[in-house]
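The values are calculated or read from the model by the stated rules, or taken from the named source; none is laboratory data. Here the structure is a predicted model, which is why all the values come from computation and not from measurement. Here the Cβ positions follow ideal geometry from the backbone for every residue, glycine too, while neighbour counts run over all protein chains shown.
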Amino acid sequence: MSAIVQRFSIPFTYAVYFTEGIFRPGNDLLAGLFPPAHEGPARLLAVFDAGLVQAHPHLPEGLEHYADHHAGAFRLVAPPMQVPGGEAAKNDPALLTRIHEAIYRHGIDRHAYVLAAGGGAVLDLVGFAAATAHRGVRLIRVPSTVLAQNDSGVGVKNGVNAFGSKNFLGSFAPPFAVINDRTLLDTLDDRDWTGGMAEAVKVALIKDPAFFHRLEADAGRLAPPVRDAEAMARLIRRCAELHLEHIATSGDPFERGSSRPLDFGHWAAHRLEHLTGYTLRHGEAVAVGLALDCTYAALAGLLPEPVWDRILSLLERLGLPCYVPELEAHLDDPAHPAGLFRGLREFQEHLGGPLTILLLRDIGAPVEVHEVRFEGYRQAVERLRARAAVSAS
């Protein structure tokens with residue numbers, strides 16, 4: 001037997017920019033991304049989240065005017081497309097086909113660009129289309145929600161749902177660039193403003209106690225009705241920094257192993273989204289998932305009670321939920337296909353290998369476990385229900 005073994009590596013580099021008024025003619029950021037080319041201006045296909053356009057009706061026309069103003073740098077191959085926002089974007093295979101068809105019809109190749117503007121679900125959808133057309137075309141992301149600007153929009157994952165499983169089809173494909181425009185957040189409803197902060201709490205808990213302390217200090221300004229823009233800008237930037245740092249330095253940016261630290265709290269979150277028919281938004285589901293795993297860790301004697309209370313108190317002060325009735329779905333039958341605990345199996349199946357769940361010993365002190373006690377999680381659900389009842393009264 002003989003073999004030829006070849007090893008190579010490819011460095012990935014992309015920037016996350018922070019700006020205001022991305023499509024104002026005097027803002028040269030977007031136009032400056034396109035390198036000079038002998039064949040003329042870069043070609044760009046734009047796809048907008050319909051919900052973003054509803055909130056900012058001027059955006060598609062604004063991009064067209066911007067392209068006219070910067071005609072030497074790039075040109076639009078067609079008027080901006082629109083696709084539905086929210087989880088529906090990831091549940092409809094016809095939308096993926098529609099974007100692939102537009103990429104094909106307008107001749108978007110590996111030297112051209114796709115711009116996706118919207119919430120995390122639309123960025124996932126368009127990102128997967130871009131990653132699979134011609135085995136990958138250049139993608140510029142313009143996240144328009146708190147959740148997308150601080151987490152999903154700045155990472156390397158793309159995907160859509162299939163076979164009742166979240167992100168079953170997907171790719172790891174770093175974007176060409178990410179542009180966070182803080183003015184796009186002004187029109188978010190309170191749920192989307194609040195929900196995105198769950199990912200900041202998550203990454204602070206596993207990466208940065210000082211950031212957690214800052215969130216505690218800023219909670220009153222971050223939560224509705226105050227919605228302080230400067231406090232939110234700090235949150236988004238630090239959260240994005242921590243996510244990018246993990247991707248770059250963890251040694252496993254494409255999740256080849258069985259560990260997924262940035263998915264702390266997500267095994268339950270993804271399951272709860274499904275059990276609620278996606279009426280529970282992703283950030284809200286993550287908050288509940290964090291509360292559940294932290295409560296389990298506290299009951300197991302892993303996480304000190306005062307720290308557990310601080311964590312849940314911060315979630316509550318930010319306006320995030322810590323309990324929903326769907327947590328109790330078939331708690332007495334861990335194997336029930338419609339139950340909460342199916343989420344553990346799906347979490348393991350997504351990567352393969354041993355079950356790997358992240359829990360906390362303290363803020364900034366995560367620990368991985370490979371088995372859990374279902375009775376402990378049942379007790380955790382009961383404790384969260386009791387706390388929610390006290391809060392409601």
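Here are some notes:
- Residue match in region 347-367 (condition: on the phi > 0 side of the Ramachandran plot, exposed (fewer than 13 other Cβ atoms within 10 Å of the Cβ) and not in a helix (DSSP H, G or I)): yes
- Any hit, region 174-195, residues being of a type in the set (Gly, Ala, Ser) and part of a strand (DSSP E or B): yes
- The residue pairs whose first member lies in region 95-107 and is under 15 Å from Asp124 (Cβ atoms) and touching a residue at least 60 places away in the same chain (Cβ under 8 Å), whose second member is β-branched (Val, Ile, Thr) and in a helix (DSSP H, G or I), and whose beta carbons are closer than 9 Å, counting only pairs six or more residues apart or on different chains, are Leu96/Thr132.
- Matching residues, region 273-314, being over 23 Å from the mean Cα position of the chain (by Cα) and within 18 Å of Arg373 (Cβ to Cβ): Thr295, Tyr296, Ala297, Ala298, Leu299, Ala300, Gly301, Leu302, Leu303, Trp308
- Test: Glu39 is among the acidic types (Asp, Glu) and either under 24 Å from the mean Cα position of the chain (by Cα) or part of a loop (DSSP other than H, G, I, E, B) (or both): yes
- Restricting region 1-14 to residues that are among the hydrophobic types (A, V, I, L, M, F, W, C) and surrounded by fewer than 12 Cβ atoms within 10 Å (Cβ to Cβ), the residue that is nearest to the chain's Cα centre (by Cα) is Ile10.
- Every condition in (1) under 16 Å from Cys294 (Cα atoms); (2) in contact (Cβ under 8 Å) with a residue 24 or more places away in the chain; (3) not in a loop (DSSP other than H, G, I, E, B) is met by Gly343 except one, and the failing one is (1).
- Restricting attention to region 6-26, the residues being over 24 Å from His243 (Cβ atoms), of a type outside the set (A, V, I, L, M, F, W, C) and free of Cβ contacts under 8 Å to residues at least 12 places away in the same chain number 3.
Residues are listed down the side, and each one gets a yes or a no for (1) in contact with a strand residue (DSSP E or B) (Cβ under 9 Å, 6 or more places away or on another chain); (2) farther than 22 Å from Gly119 by Cβ:
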{"position": "Ala50", "(1), (2)": "yes, no"}
{"position": "Leu59", "(1), (2)": "yes, no"}
{"position": "Ala71", "(1), (2)": "no, yes"}
{"position": "Met81", "(1), (2)": "yes, no"}
{"position": "Gly85", "(1), (2)": "yes, no"}
{"position": "Ala89", "(1), (2)": "yes, no"}
{"position": "Arg98", "(1), (2)": "yes, no"}
{"position": "Ile108", "(1), (2)": "yes, yes"}
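- Members of region 145-178 found to be within 25 Å of Arg342 (Cα to Cα), buried (at least 22 other Cβ atoms within 10 Å of the Cβ) and of a type in the set (A, V, I, L, M), listed by number: Val160
- Subset of region 188-227 (residues that are touching a residue at least 40 places away in the same chain (Cβ under 8 Å), surrounded by fewer than 17 Cβ atoms within 10 Å (Cβ to Cβ) and under 19 Å from the mean Cα position of the chain (by Cα)): Asp190, Arg191
- Residue match in region 228-236 (condition: surrounded by fewer than 19 Cβ atoms within 10 Å (Cβ to Cβ) and under 19 Å from the mean Cα position of the chain (by Cα)): yes
- Matching helices (runs of 4 or more DSSP H) fully within region 62-144 where at least 3 residues are crowded, with 23+ Cβ neighbours inside 10 Å, in the same structural domain as Val178 (by TED's automatic domain parsing) and not aromatic (Phe, Trp, Tyr): 120-132
- Any hit, region 45-52, residues being assigned by TED's automatic domain parsing to the domain that holds Gly118, more than 21 Å from Gly159 (Cα to Cα) and of a type outside the set (D, E, K, R): no
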